[in-house]
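Everything below concerns the one structure shown next.
Bear in mind these aren't lab numbers, they're just calculated from the coordinates by the rules spelled out. Note that this is a predicted model, so its numbers are computed, not measured. We place every Cβ from the backbone using ideal geometry, glycine too, and count neighbours over all the protein chains shown.
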Amino acid sequence: MSAASGRLALLLSGRGSNLGAFLRAQAAGELQGSVEVVISNRPEAAGLKIAQDAGIATAVVDHTQYETREAFDEVLAQKIDGFKPDVVVLAGFMRILTATFVDRFRGQLINIHPSLLPKYRGLNTHQRALDAGEREGGATVHFVTADLDEGPGILQTPVPIVPGDTAASLASRVLPFEHKLYPHAANLLLTGQVSLKAQGAVWGDEILPPGGRLWRPNSC
Ligand code: GAR
């Protein structure tokens, strides 16, 4: 796969292992674009250091400095716009975004969620999957819409649950799958193969199911 010139802005709140996966894909020529900026709502987010070490521009929009969600989102949106991204990647960005923000980046804004959506939206996904006796967990990349974790799915990958799994062990087994899934899903937008239409996420002539298309990496 040859590198293309799409521009990505990546938003995070913490560790940044998915950012690391994008940077590895980019270095390997497997990302159809480049990460232009990493923005965090938390000044102490470890992901900022990963970006700085890779020579990528960083910015902090600290949500505690804003009185309203609207005010925070407006500054965040302006910051993003300054980098003119084609795709805005939420990678562990733990803030609920307003409808105004989401509409501004409609069709360009994607998120990764650690469950097989539409199951287990929200928090504590792995524990809830275990409590429900599920046989598999997984992760989903989806378009972001105004309703939390309800935007149309693009791609999802299942991960088997094994006897004795805890939320922590399942999370650590799902994570490497996230790292393969997310850059691959972003490529589908960067190359124009998948887009957001009124009917949902569309891949060629196919309207994708709510959780997106099932996908398994060759190796993990
Ligand atoms: C990832 O597991 C991601 O799926 C999850 O946060 C983690 C971020 O890890 N996102 C959500 O739960 C969003 N609702 P990272 O900072 O190491 O990429």
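Just a few scattered comments:
- Sorted by Cβ neighbour density within 10 Å, fewest at the top, the residues 135, 128, 216: 135, 216, 128
- CD proxy at 222 nm, helix term only [per DSSP H run n ≥ 4: -39500 (n - 2.57); per residue of the chain; nearest 500]: -9500 deg cm²/dmol
- Rounded D (µm²/s) - region 83-183, Kirkwood Rh over Cα pairs, Stokes-Einstein at 20 °C, 1.002 mPa s: 153
- Candidates 118, 85, 163: whichever shows maximal mean-square fluctuation once the chain is modelled as a Gaussian network with Cα springs under 10 Å: 163
- Note on the chain: GNM, Cα springs under 10 Å; of 98, 140, 157, the largest mean-square fluctuation is that of 98.
- Extension gain, residue 66 back to residue 103 (0.36 nm per residue minus Cα-Cα distance, nm): 11.3 nm
- For the chain, share of DSSP beta bridges that run antiparallel, in % to the nearest 5: 45
- The slack between residue 7 and residue 78, meaning 0.36 nm per residue of separation minus the straight C-alpha distance, is 24.0 nm.
- Distance-filtered residues of region 190-216 - backbone nitrogen under 15 Å, label point 7 angstrom along residue 30 Cα→Cβ: 216
- ³J(HN,Hα) computed for each position of region 205-220 - Karplus, 6.51 cos²θ - 1.76 cosθ + 1.60, integer Hz, glycine/proline x: 8, 9, 7, 6, x, x, x, x, 7, 6, 8, 10, x, 5, 9, 8
- For region 119-130, Karplus couplings with θ = phi - 60° (6.51, -1.76, 1.60), whole Hz, Gly/Pro x: 7, 6, 5, x, 9, 6, 4, 5, 4, 5, 5, 5
- Amide N proximity, region 4-19 versus residue 136 label position 7 Å along Cα-to-Cβ, cut-off under 11 Å: none
- For region 1-143: rounded, prolate or oblate by the Cα gyration tensor [a/c cutoff 1.5]: oblate
- Cα centroid separation - region 166-218 against region 83-133, whole Å: 12
- For the chain, the number of Lys pairs separated by eight or more positions or lying on different chains, with C-alpha atoms closer than 24 Å, is 6.
- Rounded to 5, the percent of DSSP beta bridges in region 77-161 classed as antiparallel: 80
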